[in-house]
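Structure record follows, encoded as C-alpha cells.
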Amino acid sequence: MNWKPQIEAAAARIEGHVQVTPVMTSATLWDRPVALKLEQLQHTGSFKARGAFNTLFASEVPEAGVVAASGGNHGAAVAYAATRLGHKAQIFVPEMAGPSKIALIERTGAGLTVVAGEYANAAEAAEAYEAKTGAMQIHPYDRPGTVAGQGTLMREWEAQGLDADTVLIAVGGGGLIAGALAWLQGARKLVAVEPETSCALHAALEAGRPVDVEVSGVAANALGARRIGSICFDLAQTHLGASVRVSDAAIIAAQRALWQAHRLLVEPSGACALAALLSGAYVPEPGERVAVLLCGGNIAPDPLG
C-alpha cells in the first residue's frame, strides 16, 4: 500500500477534531537532551482519537452506530469521536481496564458494557453485538483507516521540527508504530518498546509470523495485545530499526522520572518507551539524537478522583 497519501488524507479529515499535541526537549531526564511528544494530552488521553476520527470520517456509519472492544484507551477514543459526530457507540471493556478508564468512557455518554475476564472476552462480546445489531466495529489497531489515522502523529511531529535520528515508541497491538513506520518508511530509526510480559511484536519477529502471547503486567490494559497486527508486522519486517523489552520496574521508574523532572503524568504505557532509554534496554550510539513518544495519560487510580 502507498501509505503517504493515506496518511495525508487522514490528516485532512481529522484536522480540527484532534489536538495538535505539544513537543518539548528535556535536558534532565537523561545524560543528553531527549525530544518528547506529549500525546498524553490528546483527547481522551491517548493517540487513539486520531485513528477513531479517521475511521469514522472515511466510513459510512450505519444507523446502528459503532461498536468497539478495548482495554480502555481505544474505547474511550471511539466513544468520544462517535458521540462528537452524532453516532451511537457501544463499548465493551474487560474488568482489567480499571475504574479510571471505565469512568472516562462513561463520561462520553456512550453505551458501555464491562465484561468479566480479559480483552479477548470483551472482543467476543463486541463481535456478538456487531452480528446482532449491524453496528460497525472499529478495530483498535489492525485496519488501514486506524493505521493511517495514527500515522498523522508522526507527520505532525515532523512538521513541528522533530530533530532526532531515532524515535522510541511503545507497542501493544501495533497501530501506533505501524502508522509511524508507514509515514517515515525508513527515514528515521524507529525502536519498538514492549513490556517483557506483553510483547506480541517481539514474539512475532522471533517466530517470523504473528503468534499468540500471554499478557500481563502494569501496562497490560493498554499494551496487552495477544497478537500483533498483520499491518504492523509487515511494516516492521521492512522498516523497523530495533525491538526491545522493558520490565515493569523500569516502566514505573520512567513514570516517576517524568513526574519528578517535568510534572508530566503518564500511565504505564505512556512511559514504556522512555523506560527503554532510562533502563539501558536501548543504548544509543554516541551523538545519536533520540526522541520519545509519550502516548497515554490515563493513570489508575485517577490522581484527582
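The values are calculated or read from the model by the stated rules, or taken from the named source; none is laboratory data. Bear in mind that the values here come from a model prediction, so they are computed numbers and not experimental data. Note that each Cβ is placed from the backbone with ideal geometry, even for glycine, and that neighbours are counted across all protein chains shown.
Looking across GLU106, GLU60, one residue alone is out of contact with any strand residue (DSSP E or B) (no Cβ under 7 Å at 6 or more places or on another chain), without any contact (Cβ under 8 Å) to a residue 12 or more places away in the chain, at negative phi and not assigned by TED's automatic domain parsing to the domain that holds GLY161. It is GLU60. Tell me, please, whether a residue that is in a helix (DSSP H, G or I) and either among the charged types (D, E, K, R) or modelled with pLDDT of 95 or more (or both) can be found in segment 212-223. Checking segment 212-223: not a single residue is in a helix (DSSP H, G or I) and either among the charged types (D, E, K, R) or modelled with pLDDT of 95 or more (or both).
Just one residue in the set ALA82, ALA125, ALA120 is outside the structural domain of ALA178 (by TED's automatic domain parsing) and either in a loop (DSSP other than H, G, I, E, B) or within 28 Å of LEU235 (Cα to Cα) (or both); that residue is ALA120.
Of all residues in segment 196-228 being β-branched (Val, Ile, Thr) and under 18 Å from the mean Cα position of the chain (by Cα), which is surrounded by the fewest Cβ atoms within 10 Å (Cβ to Cβ)? The selected residue is THR197.
Taking segment 88-110 as the range and being surrounded by fewer than 19 Cβ atoms within 10 Å (Cβ to Cβ) and modelled with pLDDT of 95 or more as the test, only LYS88 passes. Looking across segment 1-55, the residues that are in a helix (DSSP H, G or I), among the hydrophobic types (A, V, I, L, M, F, W, C) and in contact with a Phe, Trp or Tyr (Cβ under 8 Å, 6 or more places away or on another chain) come down to TRP3, ILE7, ILE14, ALA49, ALA52. Residue count for segment 85-101 under the criterion of being in a helix (DSSP H, G or I), closer than 18 Å to ALA123 by Cα and more than 15 Å from the chain's Cα centre (by Cα): the result is 2. Selection within segment 56-79: residues that are in a helix (DSSP H, G or I) and within 14 Å of the chain's Cα centre (by Cα). The member of this set that is farthest from GLY297 (Cα to Cα) is VAL78.
Among the numbered conditions (1) buried (at least 21 other Cβ atoms within 10 Å of the Cβ); (2) outside any helix (DSSP H, G or I), tell me where ILE231 comes up short. Against the list (1) buried (at least 21 other Cβ atoms within 10 Å of the Cβ); (2) outside any helix (DSSP H, G or I), ILE231 comes up short only on (2). Could you go through segment 116-123 and let me know if any residue there is touching a helix residue (DSSP H, G or I) at 6+ places or on another chain (Cβ under 8 Å), buried (at least 19 other Cβ atoms within 10 Å of the Cβ) and within 21 Å of GLU39 (Cβ to Cβ). For segment 116-123, residues touching a helix residue (DSSP H, G or I) at 6+ places or on another chain (Cβ under 8 Å), buried (at least 19 other Cβ atoms within 10 Å of the Cβ) and within 21 Å of GLU39 (Cβ to Cβ): absent. What do you reckon, is LYS189 surrounded by fewer than 24 Cβ atoms within 10 Å (Cβ to Cβ), more than 19 Å from GLY72 (Cα to Cα), basic (Lys, Arg) and assigned by TED's automatic domain parsing to the domain that holds ALA77? Judged against the criteria, LYS189 is not a match. Of all the listed residues (THR55, THR44), the sole one being among the polar types (S, T, N, Q), within 24 Å of SER230 (Cα to Cα) and touching a helix residue (DSSP H, G or I) at 6+ places or on another chain (Cβ under 6 Å) is THR55. Can you find, within segment 243-279, the residue that is farthest from ALA76 (Cα to Cα) among those that are out of contact with any helix residue (DSSP H, G or I) (no Cβ under 9 Å at 6 or more places or on another chain) and free of Cβ contacts under 8 Å to residues at least 24 places away in the same chain? So, considering only residues that are out of contact with any helix residue (DSSP H, G or I) (no Cβ under 9 Å at 6 or more places or on another chain) and free of Cβ contacts under 8 Å to residues at least 24 places away in the same chain, the one farthest from ALA76 (Cα to Cα) is GLN260.
Taken together, the residues in segment 46-69 that are surrounded by fewer than 24 Cβ atoms within 10 Å (Cβ to Cβ), of a type outside the set (A, V, I, L, M) and closer than 13 Å to THR146 by Cα amount to 2. Among what's in segment 159-182 and is in contact (Cβ under 8 Å) with a residue 24 or more places away in the chain and in a helix (DSSP H, G or I), pick the residue that is surrounded by the most Cβ atoms within 10 Å (Cβ to Cβ). For segment 159-182, the residue satisfying everything is ILE177.
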